[in-house]
Ligand code: PCA
């Protein structure tokens with residue numbers, strides 16, 4: 001065989017082997033239902049990565065905590081059991097208080113402030129995650145958090161003794177401060193906990209109220225707009241580094257677009273979710289002056305606590321947030 005013909009054959013063999021060898025498959029565990037706006041955003045992100053990488057990177061979204069529980073996703077990404085995953089940042093406040101800056105009641109209310117807090121928090125998250133072998137791809141806020149409760153309330157004293165669902169250390173702390181009984185339950189198990197009476201009240205967004213069919217057992221939602229916690233999409237650094245340069249760029253570009261789209265979706269769907277709850281029989285009410293004042297006091301205690309734990313880095317984060 002002539003050398004040029006041998007080269008030709010080799011090239012043909014190499015090309016034939018290329019599609020299979022060059023395709024990478026990633027798993028993306030998430031903790032919320034497929035119809036939730038965060039998950040829909042992840043799906044779109046995955047299909048855009050597929051397109052932009054020419055089919056080289058295939059990401060499968062595993063919704064509703066079907067692969068890992070909400071609290072386990074971060075460790076799974078760190079250990080490489082999943083190459084990337086969506087986490088709720090405030091769940092990791094006990095590991096480092098900087099993860100929980102967006103869970104402090106009434107520090108940042110409404111979308112413009114939440115955006116500002118996200119920008120202030122980002123460099124700290126980048127650093128924390130890098131030290132753990134991971135990288136931040138994007139963050140998107142949940143809609144503002146309000147109180148789901150079975151009866152009308154005028155102050156936090158009206159919630160004393162009730163069974164309160166917590167999703168994070170901070171929401172458990174609120175229960176403690178108002179004299180309620182906290183039970184930690186991830187979103188994927190909330191509708192069952194409500195139906196069986198394990199919990200009778202909680203703070204979260206209209207989105208989770210809708211996803212968990214809370215209107216079937218609870219009639220009141222107090223729209224306190226107390227904070228906007230964020231989901232974050234994180235990737236294992238080794239998995240990221242193993243991608244070729246164009247695929248890495250495709251991934252980062254799709255992530256930046258998903259971040260912009262996600263914040264917009266969150267804000268647009270906030271009203272949609274509240275309307276959907278009202279149509280299903282819930283009363284959506286503003287908090288009374290006394291209830292607002294009580295929550296402000298709770299927030300003050302929690303912020304002081306957080307500042308003590310977060311030290312000088314916490315101060316730097318708050319200064320960045322307050323910078324005009
Ligand atoms: N929903 C999630 C976290 C914040 C929110 O709005 C939950 O309730 O678990």
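A few notes on this one:
- Some residue of segment 149-164 being within 26 Å of residue 63 (Cα to Cα), within 16 Å of the ligand (Cβ to nearest atom) and more than 19 Å from the chain's Cα centre (by Cα): yes
- Condition met for residue 121 (farther than 30 Å from residue 193 by Cα, away from the ligand (no atom under 14 Å from the Cβ), in contact with a helix residue (DSSP H, G or I) (Cβ under 8 Å, 6 or more places away or on another chain) and free of Cβ contacts under 8 Å to residues at least 60 places away in the same chain): no
- Residues within segment 94-107 that are in contact with a strand residue (DSSP E or B) (Cβ under 9 Å, 6 or more places away or on another chain) and within 15 Å of residue 296 (Cβ to Cβ), tallied: 1
- Only one of the listed residues (194, 190, 228, 233) is touching a helix residue (DSSP H, G or I) at 6+ places or on another chain (Cβ under 8 Å), buried (at least 22 other Cβ atoms within 10 Å of the Cβ) and in a loop (DSSP other than H, G, I, E, B). That residue is 228.
- Scanning segment 114-136 for residues that are over 18 Å from residue 316 (Cβ atoms) and assigned to a helix (DSSP H, G or I) returns 114, 115.
- Screening residue 290 with (1) in contact (Cβ under 8 Å) with a residue 12 or more places away in the chain; (2) not in a helix (DSSP H, G or I) gives one miss only, at (2).
- Here residue 186 passes the criteria (1) in contact (Cβ under 8 Å) with a residue 40 or more places away in the chain; (2) over 20 Å from residue 153 (Cα atoms); (3) away from the ligand (no atom under 11 Å from the Cβ) except the one numbered (3).
- Enumeration of residues in segment 29-55 that are farther than 27 Å from residue 270 by Cα, in a loop (DSSP other than H, G, I, E, B) and out of contact with any helix residue (DSSP H, G or I) (no Cβ under 6 Å at 6 or more places or on another chain): 54, 55
- Enumeration of residues in segment 80-103 that are away from the ligand (no atom under 12 Å from the Cβ) and assigned to a helix (DSSP H, G or I): 92, 97, 98, 99, 100, 101
- Pairs, first under 14 Å from residue 136 (Cα atoms) and in contact (Cβ under 8 Å) with a residue 12 or more places away in the chain in segment 82-93, second more than 12 Å from the ligand (Cβ to nearest atom) and assigned to a loop (DSSP other than H, G, I, E, B), C-beta under 9 Å, six or more apart: 85/67; 85/68
- Complete set of residues in segment 163-181 that are part of a strand (DSSP E or B) and either buried (at least 22 other Cβ atoms within 10 Å of the Cβ) or touching a residue at least 24 places away in the same chain (Cβ under 8 Å) (or both): 163, 164, 165, 166
- Cβ separations smaller than 6 Å between residues 6+ apart or across chains give no pair from segment 135-162 residues that are within 30 Å of residue 253 (Cα to Cα) to residues that are modelled with pLDDT under 95 and within 16 Å of the ligand (Cβ to nearest atom).
- Filter result for residue 284 (assigned to a strand (DSSP E or B) and over 22 Å from the mean Cα position of the chain (by Cα)): yes
- Taking segment 56-66 as the range and being away from the ligand (no atom under 16 Å from the Cβ) and either in contact with a helix residue (DSSP H, G or I) (Cβ under 8 Å, 6 or more places away or on another chain) or part of a helix (DSSP H, G or I) (or both) as the test, the residues that pass are 56, 57, 58, 59, 60, 61.
- When segment 193-220 is filtered for residues that are closer than 25 Å to residue 303 by Cα and away from the ligand (no atom under 12 Å from the Cβ), only 201 remains.
The values are calculated or read from the model by the stated rules, or taken from the named source; none is laboratory data. Note that the coordinates shown come from a computational prediction; the quantities given were computed from them, not determined experimentally. In this analysis, Cβ positions are derived from the backbone assuming ideal geometry, glycine residues included, and neighbour counts consider all displayed protein chains.
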